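The block underneath contains the structure these notes are about, expressed in structure tokens.
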Amino acid sequence: KRKRTFKKYTYRGIDLDKLLDMSSAELTQLVHCRARRRFTRGLKRKPMALIKKLRKAKRTAIEGEKPEAVRTHLRNMIVTPEMVGSVVGIYNGKTFNQGEL
């Protein structure tokens, strides 16, 4: 029986480990124009609250297990490298659809 190989996450050819080490200014230069504009104008209160909830869910998760799902209405949130590996319930107007980032 073969061992399962896990997907290696990259963004524009850069590994996830290097993306996590980058500063926000360096990361901003990698993304497309609309995301760059949004980051330079600053993350508002609701997106920051979502990031804090995702951090807390990752911290409280058991080692090797998926973190608890975090529910949100923010469908237009840009996925940052620190969000990768989280489980998010995204509201579609009727129900929360779970997705792993």
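Of Arg37, Arg71, Arg55, all but one fail to be more than 21 Å from Lys8 (Cβ to Cβ), more than 14 Å from the chain's Cα centre (by Cα) and either part of a loop (DSSP other than H, G, I, E, B) or not aliphatic (A, V, I, L, M) (or both); the exception is Arg37.
For Lys8, are the conditions met, namely being part of a helix (DSSP H, G or I), open to solvent by 70 Å² or more (accessible area, probe 1.4 Å) and charged (D, E, K, R)? Taking the combined requirement at face value, the residue does not satisfy it. Taking the condition among the small types (Gly, Ala, Ser) and surrounded by 15 or more Cβ atoms within 10 Å (Cβ to Cβ), does Ala25 pass? When the stated conditions are applied, Ala25 does not pass them.
Per-residue answers, yes or no, for (1) of a type outside the set (A, V, I, L, M, F, W, C); (2) out of contact with any helix residue (DSSP H, G or I) (no Cβ under 7 Å at 6 or more places or on another chain):
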{"position": "Glu26", "(1), (2)": "yes, yes"}
{"position": "Cys33", "(1), (2)": "no, yes"}
{"position": "Arg45", "(1), (2)": "yes, yes"}
{"position": "Ala49", "(1), (2)": "no, yes"}
{"position": "Thr60", "(1), (2)": "yes, yes"}
{"position": "Gly64", "(1), (2)": "yes, yes"}
{"position": "Pro67", "(1), (2)": "yes, no"}
{"position": "Arg71", "(1), (2)": "yes, yes"}
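Annotation note: of Gly42, Gly93, Gly89, the sole residue that is free of Cβ contacts under 8 Å to residues at least 24 places away in the same chain, open to solvent by less than 50 Å² (accessible area, probe 1.4 Å), small (Gly, Ala, Ser) and farther than 24 Å from Asp21 by Cβ is Gly89. Taken over region 54-67, the criterion of being out of contact with any Lys or Arg (no Cβ under 9 Å at 6 or more places or on another chain) and surrounded by 11 or more Cβ atoms within 10 Å (Cβ to Cβ) is satisfied by Leu54, Arg55, Lys56, Ala57, Lys58, Ala61, Lys66. Checking each residue of region 70-81 against the condition of being closer than 25 Å to Lys18 by Cβ, at pLDDT 90 or above and either touching a Gly at 6+ places or on another chain (Cβ under 8 Å) or small (Gly, Ala, Ser) (or both) gives no match. Within the set Leu19, Leu50, the sole residue that is in a helix (DSSP H, G or I), in contact with a Pro (Cβ under 6 Å, 6 or more places away or on another chain) and open to solvent by less than 90 Å² (accessible area, probe 1.4 Å) turns out to be Leu19.
The values are calculated or read from the model by the stated rules, or taken from the named source; none is laboratory data. This one's a predicted model, so the numbers in the text were calculated from it and none came from an experiment. Don't worry about glycine lacking a Cβ; one is built from the backbone with ideal geometry, like all the others, and counts go over all protein chains shown. Note: areas computed on protein heavy atoms with side chains; ligands, DNA, RNA excluded. Shrake-Rupley method; radii C 1.70, N 1.55, O 1.52, S 1.80 Å.
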